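Following: one structure in structure tokens, then a few remarks.
The values are calculated or read from the model by the stated rules, or taken from the named source; none is laboratory data. Bear in mind the structure is a predicted one, so any value in this text is a computation, not a measurement. For neighbour counting, all protein chains shown are included, and Cβ atoms are generated from backbone atoms with ideal geometry for every residue, glycine included. Note: accessible area is taken over every heavy atom of the protein model, side chains too, but ligands, DNA and RNA are not part of it. Shrake-Rupley method; radii C 1.70, N 1.55, O 1.52, S 1.80 Å.
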Amino acid sequence: MNHKPLVLVVEDDAAVRNLIATTLETHDYRYHTAPNGEAAILEAVSHSPDVMLLDLGLPDIDGVEIIQKIRTWSNMPIIVISARSEDRDKIDALDAGADDYLTKPFSVEELLARLRVTFRRLHYAQKAGESEEAVFVNGDLKIDYAAGCVYMAGRELHITPMEYKLLCLLAKNVGKVLTHTYITREIWGSAFNSDVASLRVFMATLRKKIEKDPSNPQYIQTHVGVGYRMLRME
Ligand code: CA
């Protein structure tokens, strides 16, 4: 991106909105603000921002509904902001197509880190769109899609078909939080609680193969109660 990224801040709480705006301003982002859902959609349509920070608890339109509306015409990254009491909403928002989330209260550092992750993801997604890549590389991890092989630091891993499916799904969405529901639907075509239990088992065996220290994973992050995210390695 050769221009300053434009962030749309949707938040009805003026204090939080001002804090975010000040943070963005001092870190070289441009921003627009919207105090409710209706203004948010209008802003999104008329200024096509690069990313949207969306508070889920708005006075007029439900946050999940806003995401669904926007997803009918835009892939703009959406980071939702929710209170702890809105955990269920947060998961629904991710399932509706949000990219990431921040839980209130959050620090300025957290906000900036989420934005960096999102812009990096956008950057790689644009590059990947230009050339349909047959090989996925992230740090020491390499997936050869054509051959169906996975390598770690040049060494081929013995990986089961289910682990491979799971790894490819995370790789395809690198940088993005995927909910348990999304993953189990993609892998098994269903979303029962028993599938989430199986998912944990497959994740554990996959981590043993790709992580140096599976108890302190570098590649696949756990979001407790929410899901998993593959991190983009520097
Ligand atoms: Ca609110």
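With +1 on each Lys and Arg Cβ and -1 on each Asp and Glu Cβ, and nothing else charged, work out how big the dipole of the chain is about its Cα centre, in Debye to the nearest 20.
Values: 27 positive and 33 negative charges, 174 e Å.
In total the dipole reaches around 840 debye.
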Heavy-atom accessible area per residue of the chain, all protein chains kept, 1.4 Å probe, expressed in Å², is 50 Å²
Using a 1.4 Å probe on the protein chains only, how many percent of the accessible area of the chain belongs to carbon and sulfur? 51 percent
Per residue convex hull volume, Cα atoms of segment 92-173, in Å³: 131 Å³
In nm, the gap between the two label points placed 7 Å beyond Cα toward Cβ at GLN221 and TYR151 is 2.8 nm
Suppose a student asked you for the relative contact order of segment 18-84, using Cα pairs under 8 Å spaced at least 6 residues apart; what percent would you report? 31 percent
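Structure shown: which of LYS127/LYS208; LYS142/LYS172; LYS142/LYS165 lie over 19 Å apart, alpha-carbon to alpha-carbon?
Values: LYS127/LYS208 30 Å; LYS142/LYS172 12 Å; LYS142/LYS165 14 Å.
Checking Cα-Cα distances, LYS127/LYS208 exceed 19 Å.
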Given the chain, what whole percent of its Cα pairs are spread farther than 26 Å? 41 percent
Quick one: pull the percentage of alpha-carbon pairs in segment 23-160 with a separation above 21 Å. 53 percent
What are the radius of gyration and Dmax of segment 137-234, computed over its Cα atoms and given in Å? 12.6, 37
How large are Rg and Dmax for segment 3-87 when calculated on the C-alpha trace, in angstrom? 12.0, 37
Spatially proximal aspartates and glutamates relative to LYS69 (Cα-Cα < 12 Å; intrachain offsets below 8 disregarded): GLU38
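Span-like helices, the chain: DSSP H, alpha-carbon axial extent 24 Å or more, mean Kyte-Doolittle 0.0 or greater, which ones?
Once both thresholds are applied, what remains is 193-210.
Assuming R0 = 25 Å, can you tell me the calculated FRET efficiency for the pair ARG232 and SER74, based on Cβ-Cβ distance, to the nearest 0.05?
After rounding to 0.05, the efficiency reads 0.65.
Return the loop-located chymotrypsin sites (Phe, Trp or Tyr not before Pro) in segment 174-220 (DSSP other than H, G, I, E, B) with at most 16 other Cβ atoms within 10 Å of their own Cβ; answer none if there are none.
Values: sites: TYR182, TRP188, PHE192, PHE202, TYR219; in loops: PHE192, TYR219.
Counting only loop positions with at most 16 other Cβ atoms within 10 Å, the chymotrypsin sites (Phe, Trp or Tyr not before Pro) in segment 174-220 are PHE192.
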Taking 30 Å as R0, compute the FRET efficiency from the Cβ-Cβ separation of ASP12 and LEU112 and round it to 0.05. 0.85
